[in-house]
1. Looking at residue 267, is it modelled with pLDDT of 90 or more and either outside the structural domain of residue 15 (by TED's automatic domain parsing) or not β-branched (Val, Ile, Thr) (or both)?
2. I'd like to verify a number: residues in the range 19-74 that are outside any helix (DSSP H, G or I) and aliphatic (A, V, I, L, M), how many?
3. Tell me the residue from 346, 382 that is closer than 18 Å to residue 296 by Cβ, touching a strand residue (DSSP E or B) at 6+ places or on another chain (Cβ under 9 Å) and outside the structural domain of residue 30 (by TED's automatic domain parsing), please.
4. Which of the following residues is surrounded by fewer than 14 Cβ atoms within 10 Å (Cβ to Cβ) and under 23 Å from the mean Cα position of the chain (by Cα): 399, 389, 420?
5. Tell me which helices (runs of 4 or more DSSP H) are completely within the range 245-320 and hold 1 or more residues being aliphatic (A, V, I, L, M), closer than 28 Å to residue 388 by Cβ and within 23 Å of the chain's Cα centre (by Cα), or say none if there are none.
6. Being part of a loop (DSSP other than H, G, I, E, B) and touching a residue at least 24 places away in the same chain (Cβ under 8 Å) is the filter here; which residues of the range 419-439 pass it?
7. Hey, can you tell me all the residues within the range 183-197 that are surrounded by 15 or more Cβ atoms within 10 Å (Cβ to Cβ) and over 29 Å from residue 233 (Cα atoms)?
8. Could you please tell me which pairs satisfy a Cβ distance under 8 Å, a separation of 6+ or placement on different chains, a first residue in the range 472-498 that is assigned by TED's automatic domain parsing to the domain that holds residue 509 and assigned to a strand (DSSP E or B), and a second residue that is modelled with pLDDT of 75 or more and among the polar types (S, T, N, Q)?
Amino acid sequence: MTSLFDKLNSFQKRAVETDEKYVALRASVGSGKTTVIVYRVLYLHLIKKVPLNKIMVLTFTNKAAEELKERLKNNIDEEIKYIGTFHSIANRILRENVDLDRYGYTRDFKIITYEEAGEILNNIAKEARLNIKYKSKIQKRIEEFKNGNLLYANMKKEDDIEKLYEEYKRVKKEKNLMDYEDLIINCCDFLNEELDFEYIIVDEFQDTDYMQLNLIEKIAGKRGSIFVVGDPNQTIYSFRTGTKNIFKIFIEKYNAITYDLFINYRSTRTITEAAAALIGEKIYCEKEYGEPIKITSHYDAFNEANYILRRIMELKEKGVYLKDIAVLFRRQVQGELLYDVLSREVECEFIKDAEGEEERINRESVKLLTLHSSKGLEFRYVFIVGVNEGNIPISTKREIEEEELRLFFVGVTRAKEVLEISYIKSPSYFEFKGYKSQYISMLPKNLLLEQDSSSKYTLNEIYDMLRLEKEKKNIEKKVTHKKYGEGLVIYEDDNILKVKFDTYGEKEFLKLFCQGEFI
């Protein structure tokens, strides 16, 4: 076992081998966070002789849980049963450790999806003739109500949201249903017995909310040790569930010992230093300096997409795998335009939520992702587009702007070798300003290569250019024909292919019926 733990650096090893009851590990991007979690479990089980059924690991995604299981499987034969997302673990505890009959449920309760929950809420509102404002946001209204907000958006007076919520709870109980939020809430409310876990390890702790922290505390009880891991600089989900400053809350509440991992093993020193400048912290890097970060400006989003496509085609010709390339953006609408342009020439995947999309992520194709969806992924080549003021950051309100900066930091740190950032001068999106984001100005100039693209083409002109270039590339390519043998292409358009054969001379073919193949 000594050689196994020798793979860790001194900072990782100190965290893995700690005997402190409450630990907060602040792991900078690319610093081996997952490695520490794996080795922490191995250390507890193989060195401290803690049975695996007394160790629980909580993650935020199924992908993270499966990766941990796979890496542990390489070192121990026995399976660790309690590795999973907050929702999957809460679901298991409710079915195995709680007397649900006391609370009006049975153990075969059904978990309803977000869409099914919305349908039930709308049906209740309709059948009970409730006065509900912003019906299209009915689930958001319920979430806001749970947080104590009876009014929503521009509402001046209360509606029937409280009645809706109470009736929703009654219907779920009557039909033995729970939504995903119920799994956490009910587990916290219904769990009365002390569970037998000695060590609780929590991944991506920066995205935890109060209810999830409550669940962690319920599972740990008075005896259990809590070891939380994450990067406060990657807190990008406070708009959804995450609680700002959750690390600080945990550390102060439990007087937790803190450890830091700050050596980046993922990116070049160029990218690492640029990322560090964004957050105002020192991040050490194991790798050497790489290519400068290219900053390009374009006339509009169409010309920006055309530039990205040409760069991808250049990389492909140099032998770069498409699956090593990602294009990141702030809004879904940007991804739709990019997909329309890129998919005409290269294989690409528009991935709106990376969770559960492992198969598509691993395909030989360019990945189009929002900055939020890119979290937890890494690519050799990364393009971040539309880095305009008014888009990144989407707002200059202080609290939102702070999270937007962290979001940009997440995007920058997805890149392992090459990073390109672009912005547009004539945006068609209302909120975009026609100049670069303040975040670009925060990057050290010695790490950048700035380039202005003055090209101004319509979308149809871009498509025509791509078609002509493709046809031009085929000129003088060798082709083989079943009847005429080998020849050279001397002319090509949308419908016709002319080939000069060694023995038979020039022949003209309709492309639709041509039986030739390029060599």
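The values are calculated or read from the model by the stated rules, or taken from the named source; none is laboratory data. In this text the structure is predicted, and so the values were computed from the model without any measurement. Cβ: placed from backbone, ideal geometry, glycine included. Neighbour counts: every protein chain shown.
1. Yes.
2. Total meeting the criteria: 10.
3. 382
4. 399
5. 269-279, 301-317
6. Hits for the range 419-439 are 425, 426, 427, 428, 429, 431, 432, 433, 434, 435, 437.
7. 186, 187, 190, 191, 195, 197, listed by residue number.
8. Going by the 8 Å Cβ cut-off, the qualifying pairs are 485/503; 486/480; 487/480.
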